[in-house]
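Engineer: Sharing a structure here in structure tokens format.
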Amino acid sequence: MSPGEASRFLMQASFGPTVEEIARVQQIGCAAWIDDQLTKPAQRHLPVLLAQQPSASNGRYFNDRRKFVWWQQSVTAADQLRQRVAYAWSQIFVISDKSTDAFTSYTDAMCDYYDTLLVNGLGNFRDLLRSVTYHACMGVYLDYLGNEKSDSNRKVDAGARRPDENYAREVMQLFTIGLHQLNPDGTPQLKDGQLIPTYDNEDVREMARVFTGMHYAGHETNWRWGPVQMLKPLQVYRDYHDPFRKVLLGGLKILPKYQDPAKDIDDALDCLFEHPNTPPFVCRFLIQRFTTSNPSRAYLSRVAQVFVDNGTGVRGDLSAVIRAILLDPEARQTGDNPDTGKEREPYLRLVALVRAFNGKTNNKDGIFEVAYLDDLVGQEPGSAPSVFNFYQPDYAPPGPIASAGMVAPEFQITDAVTCVSLPNFLRDCIYHGSIGRYGANILLDFSQENQLATKPGLLMERLSLILTGDRMSAGTRAIIRGAVEQISSWKPADRVKLAVYLTSICAESAVQP
Amino acid sequence: MNRRILNSSLTRRRFAGQLACAGITSTPLLSTLLSLSLAGRAAADSLSPNTDYRALVCLFLNGGNDSFNMLAPRSGLDYKEYKATRQELALASTDLLPLGGAAANHPELGLHPGMPELKTLFDQGTAAFIANVGSLVRPITLNEFKKQAAVPLGLFSHSDQVGQWMTAMPDRGIASGWGGRASDLLRDRNIGSKVSMNISLAGNNLFQYGHQVVPYSITPNGSIGLKSLDPAQGATSFESVAVRSLLEQHYKSIFEQAYMETTYGAIAAHEAFSAAVEPVQLKTVFPNTPTGKDLHMVARAIGGRRALGLKRQTFFVQRGGWDHHSEVLQNQKQMLPEISQAVAAFMAAMKELNVAEQVTLFTASDFGRTLTSNGRGSDHGWGGNHFVVGGAVKGGAIYGNYPSLALKTAIDTGQGRLIPSMSVDTYCAELARWLGVPDSGLTTVFPNLGSFYSASSGQPPVGFMS
């Protein structure tokens, strides 16, 4: 395998290539690298948070702290694949500090939620779905925490209280089956030329009755006002759970009356897990996060088939799914098709820069203090505008991409603000060793590059390899080299910074083939 | 920023980009747009140069505002029905701010107690409410709804309904919005401007995407330029030349080309925008809230309209966080005042700029919410209430049909999810027409409008704009 191919693989499978890791992938190959990563234990976020001094005297950690922890782990943790996968899941099982104030004081709980995605993200999808459903953060974010059965003392047509529909709707629309019936290759099924809905509003109401009776642990004696227990799984309380028969998805599954409430929930999650839409729906989302915005039908079929059966009869084996996504010929091809690949997530380009040059910080806690870039970059972990994430899987930017029948989710946050702000952040980091409103101190190590300052050809080789997967065109290379050579060779550091900046903003860095 | 950096090739490339965008339409539609556009210019010539400016400001309440608590019955049987349906979500009748002057066919309505500034605008005749608006393919009955005939795609889903408010085409997916299509017809009034007539404070949005005109995104602090083109940021001439060269290259990858074109357009627009708008300072004090800051920036951009060379504009402002499945009362109590105060400041600024009659602000939102309660909040509904504000608004009145809020009526699809009595098309066609879209162009902008309104009738779609 060429160094460029190894670098490109690491763009897909980690938070960014480094020279050392490129050599390692070249040595052992992509499959063995994945196998090795799968043996690495999850480097959780909550312990890193708790190792720091609290933000306030009452022991609380402010919201920015979990972002610092995210940076620390994403840049430095050895379980890069697992970290990258968790980040992908955080964009499907979205919780966010936006649109609710609650999370700004639940910093530890948000770290714990992320740890749930880390620990289960390469396990089985069914376990992941259950652990998310039972996490207090999701209960708060999508409002089913404290959701009660209908008030049977009042007639429904006289305005009786009925269950909250939020989780019922979004767990179907966004987390598992989507809005329309799909073929196994992800294409929509049609009837008389029309899309076929997977559910209607009555199905949402039935599903809403399933997610009743869930509350914080320890609310046996005081359902409404018991203790706030953000770090423990939610419990189901029989007295507040709808006890009656539930017909799910138009009869796909029927839950008998008076069934154990936890079994109701498990059966409903099983129903979604077993639904034929779930493999192509979830796999398309994952492929878009790692390799390409527009997987071919064949590629999506191959991955979805692994979701259906990992080869030993197990459905939902996520290690196998991620492996299939990354090792598929369509992911590994290095051909010249101009329509493959994806825009790299803008936020991840910053992380990749820091990884590429072994970034360190001399902040007192020893961790990167990067937070609140989202107004300008369009995204930040745990801060999506809503449960619909930063962008949607089917976003087609009007213009050539939409007219080619293609989608490009990341282009939903690519506009005149983000396209300019991201290069500015990259430049601040490269030139001034800081990012963002805290002036987060990040020191990049250019010592290897400085030695190449008088050999611009070799410098460009190296930068093209670690920042673009060795894909820099001859034209781009000539432009950057031409600029670098205008700086006196007596100023090697200036040469290197300019070369790194221009490489980090060039089109070949913005897009992953 | 150094003006020297940006040479005439920018304009050439921008033009090429517009042609590329135009290429996404079919040729017949494009020629229709062009001929309509010429017709629009002839109409504009009758206006004097000083008054030939109009802007629409879309304030999108993302998440689905529970607008039957923003505008609610205040007395009599109507209030009793409201209270019986909404139960613990009902506001006290004595808390609702009385709105004088409502038409006889409406119940006596009151405004949410957190919106006294909006009430003042209503009383002064510069604000109006539009009742029970939502996405419709065509007018439908409850029976038709039950048979799923002509129901909007993805009804009750956030993403679909947000999209349909922006496209006004709930029966199909389409990559342009009604604001953008209206702008395509009006763009020749803005010839020569380096900045798009569609400015967004909330990033990309389908509403402002036309076939030729695309949105330009700014922040509440204005536009942003590349530091590597700015000598004040230490940019050297060879750094800037290299950046420009990278942007001007042609890329084979469709993603690379699109990405670099977006950046290219951004730096060209930034120079013109910042030069025109940075000098504009207003005496009007805006609230220090997200909506206040956004509308402050919109007001400053309107202040810079002559320097920008823009005679027709749209602005897109968004406030998220309205998906109140829980704590709807408490959340609205905090959020509706933000809207009311920001809108009042904006109107004051328009007076300061002497353009109050040339700027109209209107609200949009995913959907109304269930009238019934889930115990703490409300769920996704359909029709909802909206307001328009501006000197050209025939204010102090409520337009459309404010429905009975009893359950199981002929428009209740269940749990108080009401079939809209006015389509998004009708509501927005009134606004587009005021902006300058000729009657002959209305069905280009709103392809389904004919199901609700006849442009040849000589009557306005709703009648709230003068």
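Engineer: For peptide B:258-268, what's the mean number of Cβ atoms from other chains within 10 Å of each residue's Cβ? Please report the intermediate quantities before stating the final value.
Structural biologist: Numbers: counts 11, 13, 6, 3, 10, 11, 1, 3, 7, 3, 1.
Going residue by residue through B:258-268 and averaging, the value is 6.
Engineer: Taking the full set of protein chains and a 1.4 angstrom probe, give the accessible area of B:Y399 in square angstrom, rounded to the nearest 10.
Structural biologist: Answer for B:Y399: close to 40 Å² accessible.
Engineer: May I ask you to derive the FRET efficiency for A:W223 and A:Q53 from their Cβ-Cβ distance with R0 = 35 Å, giving the value to the nearest 0.05? Intermediate results must be reported in sequence, preceding the final value.
Structural biologist: Numbers: r = 36 Å, r/R0 = 1.04.
Computed FRET efficiency for A:W223 and A:Q53: 0.45.
Engineer: Can you compute the charge dipole magnitude of the protein assembly as shown about its Cα centre, using +1 on each Lys and Arg Cβ and -1 on each Asp and Glu Cβ, nothing else charged? Give it in debye, rounded to the nearest 20. Display every interim value, and only then the final one.
Structural biologist: Details: 92 positive and 93 negative charges, 263 e Å.
That gives the protein assembly as shown a dipole magnitude of about 1260 debye.
Engineer: Let me ask something additional. Provide the buried accessible surface between chains B and A in square angstrom, both chains summed, 1.4 Å probe, rounded to the nearest 100. Walk me through the intermediate numbers first.
Structural biologist: Values: alone 18780 and 21090 Å², together 34150 Å².
Roughly 5700 Å² of accessible surface disappears when B and A pair.
Engineer: Find the relative contact order for chain A and round it to a whole percent, using C-alpha pairs within less than 8 Å whose residues are 6+ positions apart.
Structural biologist: Values: 883 pairs, mean separation 87.5, N = 513.
Reported relative contact order: 17 percent.
Engineer: Treat the stretch B:260-410 as a sphere of radius equal to its Kirkwood radius over Cα pairs and apply Stokes-Einstein at 10 °C in a medium of 1.306 mPa s; give the translational diffusion coefficient in µm²/s, rounded to a whole number. Don't skip to the end; give the middle numbers.
Structural biologist: On the way: Rh = 18.0 Å.
The diffusion coefficient I find is 88 µm²/s.
Engineer: Suppose each label sits 7 Å from its Cα in the direction of the beta carbon; what would the A:S2-A:E20 distance come out to in nanometres?
Structural biologist: 2.6 nm
Engineer: Taking the Cα centre of the protein assembly as shown as the origin and placing charges on Cβ (Lys, Arg +1; Asp, Glu -1), which of B:F255, A:T340, A:F307 is farthest toward the positive end of the dipole?
Structural biologist: B:F255
Engineer: Kindly sort B:T141, A:T187 by accessible area of their heavy atoms, largest first, with the probe set to 1.4 Å. Write out the running numbers ahead of the final one.
Structural biologist: Values: B:T141 75, A:T187 35 Å².
Sorted descending by solvent-accessible area, the residues read B:T141, A:T187.
Engineer: Give the Rg (one decimal place) followed by the Dmax (whole number) of the stretch A:96-154, computed from C-alpha coordinates and expressed in Å.
Structural biologist: Cα only, the stretch A:96-154: 13.9, 46 Å (Rg, Dmax).
Engineer: For the stretch B:391-459, what is the convex hull (Cα atoms) projected area averaged across all directions, in square nanometres? Walk me through the numbers before you get to the answer.
Structural biologist: On the way: hull surface 24.3 nm².
Its Cα hull, projected and averaged over all orientations, spans 6.1 nm².
Engineer: Using Cα atoms only, what is the angle between the long axis of helix B:254-277 and the major principal axis of chain B, expressed in degrees (0 to 90) to the nearest 10?
Structural biologist: Once rounded, one gets 90 degrees.
Engineer: Related question: Nothing charged except the Cβ atoms of Lys and Arg (+1) and of Asp and Glu (-1): what's the magnitude of the dipole of the stretch A:1-82 about its Cα centre? Round to the nearest 20 debye. Provide the component values of the computation, followed by the final result.
Structural biologist: On the way: 9 positive and 7 negative charges, 97 e Å.
Using Cβ point charges on Lys, Arg, Asp and Glu, the stretch A:1-82 gives about 460 debye.
Engineer: Follow-up question, since we're still on this one. Could you order A:I196, B:I419 so the one with the most accessible surface comes first? Probe is 1.4 Å. Intermediate results must be reported in sequence, preceding the final value.
Structural biologist: Working: A:I196 45, B:I419 5 Å².
These residues rank, largest area first, as A:I196, B:I419.
Engineer: What is the distance in Å between the Cα centres of the stretch A:1-34 and the stretch B:164-236?
Structural biologist: Here the answer is 39 Å between Cα centres.
Engineer: Round to the nearest 0.05 the FRET efficiency obtained for B:D230 and A:N450 when R0 = 22 Å and r is the Cβ-Cβ distance. Display every interim value, and only then the final one.
Structural biologist: Numbers: r = 26 Å, r/R0 = 1.18.
Plugging the Cβ-Cβ distance into 1/(1 + (r/R0)^6) gives 0.25.
Engineer: Report, as an integer, the average count of C-beta atoms from other chains found within 10 Å of each Cβ along A:161-167.
Structural biologist: What the average comes to for A:161-167 is 6.
Engineer: Which distance in nm do the two modelled labels at A:N362 and B:K80 give, with both placed 7 Å along the Cα-to-Cβ direction?
Structural biologist: Here the modelled spin labels are 7.8 nm apart.
Engineer: May I pose another question? As an exercise, use a Förster radius of 45 Å and the Cβ-Cβ distance of A:D192 and B:E108 to find the FRET efficiency, rounded to the nearest 0.05. Intermediate results must be reported in sequence, preceding the final value.
Structural biologist: On the way: r = 47 Å, r/R0 = 1.05.
The formula returns an efficiency of 0.40 here.
Engineer: Which of A:K263/B:K146; A:K246/B:K83; A:K40/A:K364; A:K98/B:K293 have a Cα-Cα distance over 22 Å? Walk me through the intermediate numbers first.
Structural biologist: Values: A:K263/B:K146 32 Å; A:K246/B:K83 30 Å; A:K40/A:K364 28 Å; A:K98/B:K293 17 Å.
Beyond 22 Å: A:K263/B:K146; A:K246/B:K83; A:K40/A:K364.
Engineer: Taking the Cα centre of the stretch A:136-276 as the origin and placing charges on Cβ (Lys, Arg +1; Asp, Glu -1), which of A:T198, A:P163, A:T187 is farthest toward the positive end of the dipole?
Structural biologist: A:P163
Engineer: Provide the gained length on full extension for the span A:Y438 to A:Q27, in nm with one decimal, where the gain is 0.36 nm per separating residue minus the Cα-Cα distance. Show your work: numbers first, answer last.
Structural biologist: Numbers: separation 411, 0.36 × 411 = 147.96 nm, distance 4.00 nm.
Extra length available between A:Y438 and A:Q27 comes to 144.0 nm.
Engineer: Could you compute how fast the stretch B:180-224 diffuses translationally, taking Rh as the Kirkwood radius over C-alpha pairs and applying Stokes-Einstein at 37 °C with viscosity 0.692 mPa s? Give it in µm² per second.
Structural biologist: Working: Rh = 10.8 Å.
Translational D for this selection: 304 µm²/s.
Engineer: Give the lysines whose C-alpha is closer than 22 Å to that of B:K311, dropping any in the same chain fewer than 8 places away, or say none.
Structural biologist: B:K194, B:K351
Engineer: Considering the Cα positions of the stretch A:416-496, please state its Rg to one decimal place and its Dmax as a whole number of Å.
Structural biologist: Cα only, the stretch A:416-496: 13.8, 38 Å (Rg, Dmax).
Engineer: Averaged over peptide B:107-117, how many Cβ atoms belonging to another chain are found within 10 Å of each residue's Cβ?
Structural biologist: Values: counts 0, 0, 0, 0, 0, 0, 0, 0, 0, 0, 0.
So the per-residue partner count for this stretch is 0.
Engineer: Under the definition of Cα pairs under 8 Å and six or more residues apart, what whole-number percent is the relative contact order of chain B? Don't skip to the answer; put the middle values down first.
Structural biologist: Details: 943 pairs, mean separation 134.1, N = 466.
It comes to 29 percent, rounded to a whole number.
Engineer: Please state the shape class of the stretch A:342-512: rounded when a/c is under 1.5, otherwise prolate if a/b exceeds b/c and oblate if not, all from the C-alpha gyration tensor.
Structural biologist: The shape class here is oblate.
Engineer: How far apart, in nanometres, would the label points at B:K252 and B:A92 be if each is projected 7 angstrom from Cα along the Cα-to-Cβ direction?
Structural biologist: Here the answer is 7.3 nm between the modelled labels.
Engineer: Moving to a separate point now. Cα gyration tensor of the stretch B:214-280, axes a ≥ b ≥ c as square roots of the eigenvalues: rounded (a/c below 1.5), prolate (a/b > b/c) or oblate?
Structural biologist: Values: a/c = 2.83, a/b = 1.27, b/c = 2.23.
Oblate is the answer for the stretch B:214-280, as a/c is 1.5 or above yet b/c matches or exceeds a/b.
Engineer: Then there is this: Got a number for the accessible area of A:V420? Probe 1.4 Å, square angstrom, nearest 10.
Structural biologist: Surface accessible to solvent at A:V420 totals approximately 0 Å².
Engineer: A follow-up question, please. What is the P(r) of chain B, as percent of Cα-Cα pairs per 10 Å bin from 0?
Structural biologist: 4, 20, 30, 25, 14, 5, 1, 0
Engineer: Evaluate Rg over Rh across the stretch A:193-336, taking Cα atoms for both radii and Kirkwood's formula for Rh. Each step should come with its number before you reach the end.
Structural biologist: Working: Rg = 19.7 Å, Rh = 18.0 Å.
Radius of gyration relative to Kirkwood radius: 1.10.
Engineer: Suppose we look only past 19 Å in the calculated P(r) of the stretch A:290-416. What percent of the Cα-Cα pairs does that tail hold?
Structural biologist: The proportion of pairs with Cα distances above 19 Å equals 64 percent.
Engineer: Which three semi-axes in whole Å describe the equivalent ellipsoid of chain A, each the square root of 5 times a Cα gyration tensor eigenvalue, listed largest first? Mind dumping the intermediate values first?
Structural biologist: Values: eigenvalues 368, 144, 74 Å².
Gyration-tensor ellipsoid for chain A: 43, 27, 19 Å.
Engineer: Relative to the compact globular guide of 2.2 N^0.38 Å, what is the alpha carbon radius of gyration of the protein assembly as shown, as a ratio? Before the final figure, lay out each step's value.
Structural biologist: Details: Rg = 28.0 Å, N = 979, 2.2 N^0.38 = 30.1 Å.
The protein assembly as shown yields a ratio of 0.93.
Engineer: Can you give me the % of accessible surface on the stretch A:342-512 that is carbon or sulfur? Probe 1.4 Å, all protein chains present, nothing else counted.
Structural biologist: Working: 2760 of 5450 Å².
Its accessible area is 51 percent carbon and sulfur atoms.
Engineer: What figure in square angstrom, to the nearest 10, would you give for the accessible area of A:T418 with a 1.4 Å probe?
Structural biologist: That residue has around 10 Å² of solvent-accessible surface.
Engineer: Tell me, what is the per residue accessible area of the stretch A:388-467 in Å², probe radius 1.4 Å?
Structural biologist: Numbers: 2590 Å² over 80 residues.
With all protein chains present, the stretch A:388-467 gives 32 Å² per residue.
Engineer: Compute from the Cα atoms of the stretch A:136-276 the Rg and the Dmax, the latter being the longest Cα-Cα distance, and quote both in angstrom.
Structural biologist: 16.2, 55
Engineer: Per 0.36 nm of contour for each residue apart, how much would the distance between B:D123 and B:L329 grow if the chain were fully extended, relative to their Cα-Cα spacing?
Structural biologist: On the way: separation 206, 0.36 × 206 = 74.16 nm, distance 2.50 nm.
Length difference between fully extended and current span is 71.7 nm.
Engineer: Here's something else I'd like to know. If the reach is capped at under 15 angstrom between alpha carbons, list the aspartates and glutamates near B:K394, excluding any in the same chain fewer than eight residues apart.
Structural biologist: Cross-link targets: B:D123, B:E357, B:E430.
Engineer: Going Cα to Cα from B:K147, which aspartates and glutamates come in below 18 Å? Please leave out same-chain ones fewer than 8 positions away.
Structural biologist: A:D192, A:D200, A:E202, A:D203, B:D171, B:D412
Engineer: Here's something else I'd like to know. Compute the signed sum of charges (Lys and Arg +1, Asp and Glu -1) over the other residues within less than 13 Å, Cβ to Cβ, of B:C58. Write down the numbers at each step before the final one.
Structural biologist: Details: positive: B:R319; negative: B:D294.
Computed value for this residue: 0.
Engineer: To the nearest 10 degrees, how steeply does helix A:80-89 sit against the main Cα axis of chain A, on a 0 to 90 scale?
Structural biologist: Approximately 50 degrees, to the nearest 10.
Engineer: Classify the stretch B:166-320 as rounded, prolate or oblate from the Cα gyration tensor: take a ≥ b ≥ c as the square roots of its eigenvalues, call it rounded if a/c is under 1.5, otherwise prolate when a/b beats b/c and oblate if not. Mind dumping the intermediate values first?
Structural biologist: On the way: a/c = 1.74, a/b = 1.11, b/c = 1.56.
It comes out oblate by the Cα gyration axes.
The values are calculated or read from the model by the stated rules, or taken from the named source; none is laboratory data. The structure presented is a predicted model; accordingly, all values stated were derived computationally and were not measured. Cβ: placed from backbone, ideal geometry, glycine included. Neighbour counts: every protein chain shown. Just so you know, the surface numbers come from the protein's heavy atoms only, side chains and all, with ligands and any DNA or RNA stripped out. Shrake-Rupley method; radii C 1.70, N 1.55, O 1.52, S 1.80 Å.
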